[in-house]
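The values are calculated or read from the model by the stated rules, or taken from the named source; none is laboratory data. What you see is a predicted model; the values in this text were computed from it and never measured. Note that we place each Cβ from the backbone using ideal geometry, even for glycine, and neighbour counts take in every protein chain shown. Ligands, DNA and RNA are stripped out before the accessible areas are found, and what is left, the full protein with its side chains, is counted by its heavy atoms. Shrake-Rupley method; radii C 1.70, N 1.55, O 1.52, S 1.80 Å.
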Amino acid sequence: FLILVRRRAGVFPEIIRACKALGLPIAGADRLKLGGELAVRDLSALLAFLDTPEDDLSLAAVLRSPLCGWSEADLYRLAQPRKGYLWEALREDSGHPDTRAFLDDMRGQADFLRPYDLIERALSRHDGRRRLLGRLGPEAEDGIDELLNQALAYEAAEVPSLTGFLTWMETDDIEVKRQLDADGNRIRVMTVHGAKGLESEIVILPDTCDPTNRNRD
């Protein structure tokens, strides 16, 4: 099956989300902007905190993310009032022992593990993948897997370091083009332009309505 749309917006992500919710064998998006994936943002915030524990904004993002699962009220109670950095306040806080154990373990490994291994440790050892998918839905898996692929690509080209990987991710607006023509018997959702040269026994065209008329005259 090939599902063709006009743009990678609007109905495009909804089709992928619906197919995954039904458990259908779908190949995912043909292009991914890593910076726009919520799961990637959460994992990047974790890496930024591990690189610079004084980064209060990144730590706050990690605490509110599915990786830690704090509520807005939990974060506010920790942050206001406080003296010093947010990480210092967390270490002195008597609550949330699971969060402290998770971050203590990750910080203890940050100087020794490569970026790929750090991400995989958070996803596997600390159940991060299940937490992210549980909150963000099955479609988040594509972004997680591509972030791991990008970490491997970075380590193959550069001396692996956490600071270097974060800089590399920030300076490159990374858009991943995925080769869906090699995905076998799976549903492919693509733009008409991106599907040039591909064939399928069944092609579905759900995005055929007239676009909104933006001419004010």
Mind listing whichever residues of the range 94-128 are open to solvent by less than 40 Å² (accessible area, probe 1.4 Å) and not in a helix (DSSP H, G or I)? Gly95, Ala110
Answer yes or no as to whether Leu152 is surrounded by fewer than 17 Cβ atoms within 10 Å (Cβ to Cβ) and touching a helix residue (DSSP H, G or I) at 6+ places or on another chain (Cβ under 6 Å). yes
Subset of the range 106-142 [aliphatic (A, V, I, L, M) and either within 27 Å of Phe12 (Cβ to Cβ) or touching a residue at least 40 places away in the same chain (Cβ under 8 Å) (or both)]: Met106, Ala110, Leu118, Ile119, Ala122, Leu123, Leu132, Leu133, Leu136, Ala140
